[in-house]
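Undergrad: I have a structure here, written as structure tokens, and I will follow up with some questions on it.
The values are calculated or read from the model by the stated rules, or taken from the named source; none is laboratory data. Small disclaimer: the values here were computed from a predicted structure and weren't measured. Here the Cβ positions follow ideal geometry from the backbone for every residue, glycine too, while neighbour counts run over all protein chains shown.
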Amino acid sequence: MKLSVALVVLGTVWIGGCRSDMAGSSNRFDRADVNHDGQLTPGEAGSYVASKLFDNLDKNNDRRITSDEWNAGGSTMTVQTFHKADLNGDGAVTEEELATAAARSHQMANFMKGADANHNGAVTKQEALNYYASKEGPVN
């Protein structure tokens, strides 16, 4: 799966999550909020998403994702996306590079723009919940 698709999938459940699992989404938000200020920056959110994705991609557990691991199992992740994430061009993606790529992704920008109701550059737990609730529609 493409990195962008993986980020979208993770993004839809990592912070705001499904309203039917408010306790779980609250815990995810709290884990992502590294400095515990009640707000998520793109960097914090990117780090959280990357940590969830990284372990699945790093098949040999050497803390580096090679192009082969990136595209393992018939994945449709693209070479171009791999090279975007490989910020230092050494042929492998570290968790830090993946976090940076996630924080800079189009999907993260869309989430931050859509969820950041007061336009302060960070998203509170309530803003995240409101954002995902607006995407899911009413709960019966």
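Undergrad: For the range 91-140, how many residues meet the condition of being surrounded by 14 or more Cβ atoms within 10 Å (Cβ to Cβ) and assigned to a loop (DSSP other than H, G, I, E, B)?
TA: So the answer is 4.
Undergrad: Oh, and also: Report the residue count in the range 59-73 for those that are touching a residue at least 24 places away in the same chain (Cβ under 8 Å) and either closer than 10 Å to THR94 by Cα or exposed (fewer than 12 other Cβ atoms within 10 Å of the Cβ) (or both). Show your work before the answer.
TA: Initially, the range 59-73 is screened for residues touching a residue at least 24 places away in the same chain (Cβ under 8 Å), giving 63-67.
From what is left, the residues that are either closer than 10 Å to THR94 by Cα or exposed (fewer than 12 other Cβ atoms within 10 Å of the Cβ) (or both) are 63-66.
The number of residues fulfilling the criteria is 4.
Undergrad: Would you confirm, using the coordinates I've provided, whether PHE29 is under 17 Å from ALA122 (Cβ atoms), assigned to a helix (DSSP H, G or I) and modelled with pLDDT under 90? Walk me through it before giving the result.
TA: Values: under 17 Å from ALA122 (Cβ atoms): yes; assigned to a helix (DSSP H, G or I): yes; modelled with pLDDT under 90: yes.
Considered against the rule, which asks whether it is under 17 Å from ALA122 (Cβ atoms), assigned to a helix (DSSP H, G or I) and modelled with pLDDT under 90, PHE29 comes out as yes.
Undergrad: Could you run through the range 57-114 and say how many residues are farther than 20 Å from ALA32 by Cβ and out of contact with any strand residue (DSSP E or B) (no Cβ under 6 Å at 6 or more places or on another chain)?
TA: So the answer is 28.
Undergrad: Another question, then. What is the residue count in the range 32-55 for residues that are exposed (fewer than 15 other Cβ atoms within 10 Å of the Cβ) and at pLDDT 90 or above? Spell out the reasoning first.
TA: Within the range 32-55, the first condition is being exposed (fewer than 15 other Cβ atoms within 10 Å of the Cβ), and the residues that meet it are 34-38, 55.
Cutting the leftovers down to at pLDDT 90 or above gives us 34-38.
The number of residues fulfilling the criteria is 5.
Undergrad: For the range 31-62, which residues satisfy the criterion of being of a type outside the set (Gly, Ala, Ser) and farther than 17 Å from ALA102 by Cα?
TA: Listed by number, the residues that qualify are ASN35, HIS36, ASP37, GLN39, LYS59, ASN60, ASN61, ASP62.
Undergrad: Given the conditions (1) in contact (Cβ under 8 Å) with a residue 12 or more places away in the chain; (2) of a type outside the set (A, V, I, L, M); (3) surrounded by 13 or more Cβ atoms within 10 Å (Cβ to Cβ), and given that HIS83 satisfies all but one, which numbered condition is not satisfied?
TA: (1)
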